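Taking it in order: structure first as structure tokens, then the write-up.
The values are calculated or read from the model by the stated rules, or taken from the named source; none is laboratory data. Computed from a predicted structure; not experimentally measured. Methodologically, a virtual Cβ is constructed for each residue, glycine included, from the backbone with ideal geometry; neighbour enumeration extends over all protein chains shown.
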Amino acid sequence: MEDMATFFLPITVITSFYGMNFKLPEFTLGPINAHAYVFILNALIVLIMFLYMKWKKWI
């Protein structure tokens, strides 16, 4: 259970920042697909955390 909470904490922080109702700079610069970048960033964070925990034999 703690492993799952550890995986989802950074995703929750990033997505809650992008869920706020104000204009972020990357949305006003032009046709940048920021949602895809955030999704990829979230996936990379979880993958890196998983591999690190696997390497340390915590999982």
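Which condition number in (1) more than 11 Å from the chain's Cα centre (by Cα); (2) surrounded by fewer than 10 Cβ atoms within 10 Å (Cβ to Cβ); (3) modelled with pLDDT under 80; (4) not in a loop (DSSP other than H, G, I, E, B) is the one that Ser16 fails?
Every condition holds for Ser16 apart from (1).
Determine the pairs where a residue that is under 15 Å from Leu44 (Cα atoms), located within the range 1-20, has a partner that is modelled with pLDDT of 75 or more and not hydrophobic (A, V, I, L, M, F, W, C) with Cβ atoms under 8 Å apart, the partner being 6 or more residues away or on another chain.
Pro10/Asn42; Ile11/Asn42; Ile14/Asn42; Thr15/Asn42
Of the residues Phe50, Phe22, which single one is aromatic (Phe, Trp, Tyr) and at pLDDT 85 or above? Even if it seems obvious, please write down each step before you answer.
Details: Phe22 fails: at pLDDT 85 or above.
Result: Phe50 is the single residue among Phe50, Phe22 that is aromatic (Phe, Trp, Tyr) and at pLDDT 85 or above.
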